[in-house]
Amino acid sequence: MIAVAWALNSVADSLVLLYGGAVLAGIGSGAVYGTCVGNALKWFPYRRGLAAGITAAGFGAGAALTVAPIAKMITTSGYQQAFLDFGLAQGAIVLLMALFLRAPHVKLPAPKKASRHAVGTVDYTPGQVLRQPVFWLMYLMFVMVAAGGLVAAAQIAPIAHDFKVAGVPVTLFGITMAALTFAISLDRIFDGFGRPVFGWVSDTIGRENTMFIAFGIAAVVLTMLVIHGSNPLVFVVFSALFFLVFGEIYSLFPATSGDTFGSKFAATNNGLLYTAKGTGALLVPVASVVSAVHGWYAVFGISVVFNAVAALLALFVLKPMRRRFMQGGDAPAPVPAAVVSAQHAARYTH
């Protein structure tokens with residue numbers, strides 16, 4: 001689908017074809033991302049945070065590594081050729097790598113050292129998951145935290161111009177760049193770095209504890225941007241710190257989903273939760289409207305509230321709710337394995 005989408009974009013001569021290619025590309029990349037993260041959750045049930053974080057970082061690293069060569073090809077051969085060549089290359093690589101992707105065939109033993117985070121032993125179907133309040137609480141938190149990061153990623157240039165720091169030179173680590181260019185470069189690095197780091201931390205101290213720390217730091221960092229964002233050095237440093245604690249949602253939420261709802265349907269269940277990113281993206285144009293009326297300071301202020309509330313929800317609501325669910329207090333009766341197997345068999349016989 002990715003190869004077809006990029007090839008379609010290479011010959012698109014109307015918005016309909018361009019948007020059609022974008023839809024196909026989104027579905028294809030989502031399938032690749034969801035499958036890889038879901039498989040990581042199955043292979044490493046006791047290190048899901050780190051496994052999901054490394055996988056998510058790889059997804060971002062691939063994008064970072066291709067920015068320069070794609071830009072060069074656009075300059076030398078045009079965007080049509082860039083779409084076609086890189087689209088076909090991506091499709092070929094995905095097909096080749098898919099041949100080596102396997103789900104674990106045996107249940108992995110628990111580590112000798114007790115984990116600080118609970119790992120469920122019951123596998124819940126997607127239908128059961130959608131009926132659980134704990135899922136919708138995680139969904140709400142995901143939307144609240146993702147919205148601010150997606151706004152920052154999509155609108156960092158207008159934000160820098162609104163703060164009047166975009167072209168101001170900033171020197172860090174002996175390197176001098178315009179504040180906007182420096183911020184974009186560091187943001188990508190810190191975003192990718194934060195995913196495995198906070199995933200590992202959550203494996204060590206627990207999912208909700210890590211969420212509380214990360215979301216709390218995000219609220220503090222955004223507050224600094226609201227107060228001192230017009231300082232170019234503060235803008236560069238604190239925008240990077242924000243992306244450091246924003247990227248962790250792509251490791252913490254998949255790991256929490258896998259721990260809570262089991263391994264068997266981990267890919268599908270995490271896919272359902274991951275749609276919260278799309279819901280959060282719907283708030284990006286809303287943020288643009290708010291900024292046009294009240295400025296980006298108001299948008300950051302709203303994001304501060306979202307992150308602070310999500311941090312408190314993680315520690316004081318999600319943590320006890322998830323504990324009760326995994327202990328069976330709020331959980332439905334799981335679908336027996338024999339019934340699940342029969343359902344799968346029926347699909348292939350009709």
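The values are calculated or read from the model by the stated rules, or taken from the named source; none is laboratory data. Nothing here was measured: the structure is a model prediction, and the numbers come from that model. Don't worry about glycine lacking a Cβ; one is built from the backbone with ideal geometry, like all the others, and counts go over all protein chains shown.
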Tell me yes or no: at least one residue of the stretch 237-259 is in contact (Cβ under 8 Å) with a residue 60 or more places away in the chain, closer than 25 Å to Gly167 by Cβ and surrounded by fewer than 24 Cβ atoms within 10 Å (Cβ to Cβ). yes
Would you mind stating whether Leu41 is touching a helix residue (DSSP H, G or I) at 6+ places or on another chain (Cβ under 7 Å), more than 30 Å from Ser263 (Cα to Cα), touching a residue at least 24 places away in the same chain (Cβ under 8 Å) and not polar (S, T, N, Q)? no
Checked Asp191, Asp187 against criteria (in a helix (DSSP H, G or I), under 16 Å from Gly148 (Cα atoms) and in contact with a Ser or Thr (Cβ under 7 Å, 6 or more places away or on another chain)); the one match is Asp187
The residue that is surrounded by the most Cβ atoms within 10 Å (Cβ to Cβ), considering only those in the stretch 260-276 that are among the small types (Gly, Ala, Ser) and out of contact with any Gly (no Cβ under 7 Å at 6 or more places or on another chain), is Ser263
For the stretch 287-320, give me each residue that is of a type in the set (Gly, Ala, Ser) and either at negative phi or crowded, with 23+ Cβ neighbours inside 10 Å (or both). Ala287, Ser288, Ser291, Ala292, Ala298, Gly301, Ser303, Ala308, Ala310, Ala311, Ala314
The one condition in (1) out of contact with any Leu (no Cβ under 6 Å at 6 or more places or on another chain); (2) part of a helix (DSSP H, G or I) that Lys164 fails to fulfil: (2)
Report yes if some residue within the stretch 111-125 is modelled with pLDDT of 90 or more, of a type in the set (S, T, N, Q), surrounded by 12 or more Cβ atoms within 10 Å (Cβ to Cβ) and assigned by TED's automatic domain parsing to the domain that holds Phe190; otherwise report no. yes
Every residue in the stretch 172-184 that is closer than 9 Å to Leu233 by Cβ and either at pLDDT 90 or above or crowded, with 21+ Cβ neighbours inside 10 Å (or both), please. Ala179
Look at Leu84 and say whether it is modelled with pLDDT of 85 or more and under 25 Å from the mean Cα position of the chain (by Cα). no
Counting just the residues of the stretch 31-58 that are of a type in the set (Ser, Thr, Tyr) and under 13 Å from the mean Cα position of the chain (by Cα), which one comes out farthest from Ala267 (Cα to Cα)? Thr55
Starting from the stretch 213-236, take each residue that is on the phi < 0 side of the Ramachandran plot and in the same structural domain as Phe306 (by TED's automatic domain parsing) and list its partners that are crowded, with 22+ Cβ neighbours inside 10 Å and charged (D, E, K, R), counting only C-beta distances under 6 angstrom and pairs at least six apart or across chains. Ala214/Glu248
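For (1) modelled with pLDDT of 90 or more; (2) part of a helix (DSSP H, G or I); (3) farther than 25 Å from Arg48 by Cα, each residue gets a yes or a no:
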position	(1), (2), (3)
Ser257	yes, yes, no
Asn269	yes, yes, no
Ala276	yes, yes, no
Val293	no, yes, yes
Ile302	yes, yes, yes
Leu312	yes, yes, no
Arg323	yes, yes, no
Ala331	no, no, no
Val340	no, yes, no
